Amino acid sequence: MTIGPQSQIPGVYHRRIGDIHVVALSDGVLLRDHHMMIGVSAGEAAVLLARAFRSAFVLSVNAFLIFNKGRVALMETGSGHYLGPTAGHLLTNLAAAGVAPSAVDTILLTHMHPDHSAGLTDMSTGAAHYPNAELVVHANEPRHWFDDAAMARGTEREKKLMFQQAREQAAPYRDRTRTFVQGDVWPGVTAIPSYGHTPGHSSFLIDSCGERLLIWGDTVHMPEVQVPRPEVSMVVDVDPVAAAASRQGLFEMAASERMLVCGMHMHFPGFGHIGRDGAQFRFVPEAWRLAI
Ligand SMILES: [Zn+2]
């Protein structure tokens with residue numbers, strides 16, 4: 001009897017940028033609908049989805065390992081046990097990539113939402129998943145999510161998933177947290193402020209030997225909608241107008257400089273380019289590469 005595949009193979013993909021190895025890791029997917037977006041009707045969203053030959057809004061949840069000069073950074077930690085069984089698979093894929101959590105020396109976060117920071121700590125024991133890692137994040141992130149007055153203004157869901165999550169997940173890293181505003185954050189990695197989604201939301205530019213990769217965090221959640229319509233923001237954006245301005249600016253930079261980009265919610269592994277036809281942007285996924 002022939003037995004077919006029982007589950008997907010590990011979500012691991014290697015992409016070299018100059019001397020730096022970047023490894024895309026999947027944390028899984030999140031299933032959402034048009035209610036997540038501001039500034040697009042259900043009908044318009046359905047048309048854009050159908051145009052992309054997709055039947056439902058599925059967000060990849062991605063993280064990236066960065067290897068440079070004998071060091072290992074992990075950009076984002078996935079969602080742990082906060083967002084249901086379709087996500088929270090980062091540790092499995094990290095193991096599939098052959099990396100022990102203890103080998104990670106730095107955790108870089110674009111921001112502190114649950115699909116990014118909720119894999120920092122094992123909540124059943126309170127122990128850090130990454131015992132040797134320094135936590136590196138924009139100064140505005142703990143400033144906002146640890147602010148009791150800001151938490152008091154949130155909905156119950158925001159209090160639990162955003163504010164409480166950020167506090168409990170970052171707690172074991174309290175004495176080994178480094179904050180930045182912009183500029184160099186790790187060898188070959190530069191932070192570019194792209195505020196709006198959260199007060200400290202940052203993109204990271206990887207630059208080595210004349211090759212560059214822009215990892216734009218949550219600049220895009222719904223590629224089918226937000227690439228052609230960059231003015232469409234998310235209900236979870238702390239400042240939707242600023243988020244749209246950041247998105248427009250990064251699209252223009254990526255298009256004019258023909259820059260390789262990827263993101264935490266671009267369809268795994270997420271690498272590609274932003275093209276422009278007149279005023280209209282489009283995303284062109286990069287073809288699978290044999291060489292690394
Ligand atoms: Zn996210």
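Descriptive notes on the structure:
- Scoring GLY183 on the criteria (1) within 16 Å of the ligand (Cβ to nearest atom); (2) small (Gly, Ala, Ser); (3) surrounded by fewer than 22 Cβ atoms within 10 Å (Cβ to Cβ) leaves a single failure, condition (1).
- Cβ-Cβ under 8 Å pairs, at least 6 apart or on other chains, region 214-225 side farther than 22 Å from ARG258 by Cβ, far side more than 10 Å from the ligand (Cβ to nearest atom) and among the β-branched types (Val, Ile, Thr): MET222/VAL232; VAL225/VAL40; VAL225/VAL232
- When region 201-232 is filtered for residues that are within 15 Å of the ligand (Cβ to nearest atom), within 20 Å of HIS267 (Cβ to Cβ) and not acidic (Asp, Glu), the ones remaining, listed by number, are SER203, PHE204, ILE215, TRP216, GLY217, THR219, VAL220, HIS221, MET222, PRO223, GLN226.
Conditions (1) free of Cβ contacts under 8 Å to residues at least 12 places away in the same chain; (2) within 14 Å of the ligand (Cβ to nearest atom); (3) surrounded by 18 or more Cβ atoms within 10 Å (Cβ to Cβ); (4) assigned to a helix (DSSP H, G or I), marked per residue:
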residue	(1), (2), (3), (4)
LEU59	no, yes, yes, no
ASN62	no, yes, yes, no
LEU83	no, yes, yes, no
ALA95	yes, no, no, yes
ILE107	no, no, yes, no
SER124	yes, no, no, no
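- Where SER79 falls short, out of the listed (1) away from the ligand (no atom under 16 Å from the Cβ); (2) closer than 22 Å to VAL136 by Cα: (1)
- Given (1) among the hydrophobic types (A, V, I, L, M, F, W, C); (2) within 16 Å of the ligand (Cβ to nearest atom); (3) part of a strand (DSSP E or B), number of the condition MET112 does not satisfy: (3)
- When residues of region 238-284 are limited to those that are away from the ligand (no atom under 16 Å from the Cβ) and charged (D, E, K, R), the one surrounded by the fewest Cβ atoms within 10 Å (Cβ to Cβ): ASP277
Only the coordinates and a few stated rules stand behind these numbers; no lab work does. Owing to the predicted nature of the structure, the values given are computational and were not obtained by experimental measurement. All Cβ positions, glycine included, derive from the backbone under ideal geometry; neighbour counts span all protein chains shown.
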